[in-house]
């Protein structure tokens, strides 16, 4: 019965499939001919048709990168980026050398997309209508996206993008290049990023600062100190934050001066947060003073600083403040401080449980996760967190997977391996990803 049913189907579909194959084979030469058309729209149409053929069309798309019309070159770069194979990389590097700023931006986003899939659909070049105006508006958006630690871009990719920080055809192209090497953690681009700080364009300076923060090389911290007093508030705030993240202790007097003298509350908040990151004993009295400030963000910064100082003498006071605090931001910081000073309890109303529970709330998930990531560097805290890793909610489990990826140790591997078999597919995927990141870190 089955044979008699299949044979007529095979006789019917066989010629149809053959016809389709012949049509597809014939389409490639036709597209190649259209690439030589004297009509721009015809050449663009040919590029778009070639894109549907995937990697096999890359040689012909390479020809389109040399087209005299920038619209055709832009479509070619977009097609090559969307194909997104390793063979796309040399062509995208070639496109970074184009004399059109928009082509350069597309090429950079395409290269980043190789290592961070999906970026091309969300990066600076994602909006196509009124391209130039859209590009400018994109630089008002802050991105914290960055490749995983085990992902390493080719040196030639970083070098190609880094060149644009100094020689891009527009300031938007240069700023986008700085953003790109930051997302790729491109340490080879540090000299170009430091040069980018000395331009007169606020977009380039800001993106260069953010990139240096993501790369995280403390040796460059002293070279950004002059930006702590930059007249552009956005740049000044980024410089203050980067100074704290890179732990530039030599900048402490400057930060103290900003905290004491600035009339801008945002600058004062950022300065206190940076001082809290440095957490030097001389700052203890400052933290104690601002722990009672009327500004909830100042109270939060002060609590973080006391937590990092780690004095057990402060525990009774911190516990009292934790129980009294009604605002979520400082209460999270007080919870962090209590765990940092030794409270690893997993009881229902303990500070550690509070931090884990807050990962269920989208508004404060990133804050709680950042605190947990810092705390989990301590093996005793990690040991306490494994209880939640095994029995928490979906949000708690996925957040803690990310925490263990960044701060876990060899002791974390068995827990993540078990969690990779979780009945919740999303949790299992996050656990597998965390294992990959963790094993890469442990092998380094």
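Diffusion coefficient (Stokes-Einstein, Kirkwood radius over C-alpha pairs, 10 °C, 1.306 mPa s) for region 257-313: 144 µm²/s, rounded to a whole number.
Taken along its three principal axes, the alpha carbon spread of region 300-444 comes to 42, 30, 23 Å, from the longest extent down to the shortest. Kirkwood analysis of region 225-278, using all unique Cα-Cα pairs, places the hydrodynamic radius at 10.4 Å. Working from Cα pairs under 8 Å separated by at least six residues, relative contact order for region 345-413 is 30 percent.
The ranking of 207, 430 by Cβ neighbour count inside 10 Å, starting from the fewest, reads 430, 207. With contacts taken as Cα pairs under 8 Å at a separation of at least 6 residues, the chain carries a relative contact order of 6 percent. So what is the relative contact order of region 225-278, in percent, for Cα pairs below 8 Å that sit 6 or more residues apart? Relative contact order, region 225-278: 39 percent.
Taking every alpha-carbon pair in the chain and binning the separations at 20 Å intervals from zero gives 22, 45, 26, 7, 1 percent. Panel order for 165, 80, 158, by other beta carbons found within 10 Å of each beta carbon, from fewest to most: 158, 165, 80.
Take region 350-410, drop everything but the C-alpha atoms, weight them equally and run the Debye formula without solvent; then report log10 I(q)/I(0) at 0.15, 0.20, 0.27 Å⁻¹ to two decimals. Reported log10 I(q)/I(0), two decimals: -0.34, -0.63, -1.20. Note on region 272-329 and region 397-444: Cα centroid distance 32 Å, given to the nearest whole angstrom.
Each residue in 242, 289, 348, 393 was given a count of other beta-carbon atoms within 10 angstrom of its own, and listing them fewest first yields 348, 289, 393, 242.
Mean residue ellipticity, 222 nm, helices only, the chain: the sum of -39500 (n - 2.57) across DSSP H runs of n ≥ 4, divided by residue count and rounded to 500, is -21000 deg cm²/dmol. Tell me the angle of helix 40-51 to the major Cα principal axis of the chain, expressed in degrees between 0 and 90 and rounded to the nearest ten. Relative to the chain, helix 40-51 is tipped by roughly 70 degrees. Report, to the nearest 10°, how far helix 328-340 tilts away from the longest principal axis of the Cα atoms in the chain, using its own Cα long axis and a range of 0 to 90°. The two axes meet at around 70 degrees.
Relative to the longest principal axis of the Cα atoms of the chain, the long axis of helix 425-443 lies at roughly 80 degrees. Given a Förster distance of 56 Å, report the FRET efficiency between residue 200 and residue 36 from their Cβ-Cβ distance, rounded to the nearest 0.05. Rounded to the nearest 0.05, the efficiency is 0.80. Region 243-259 and region 32-82 have Cα centres lying 51 Å from one another.
Only the coordinates and a few stated rules stand behind these numbers; no lab work does. Small disclaimer: the values here were computed from a predicted structure and weren't measured. Backbone-built Cβ (ideal geometry, glycine too); neighbour counts: all protein chains shown.
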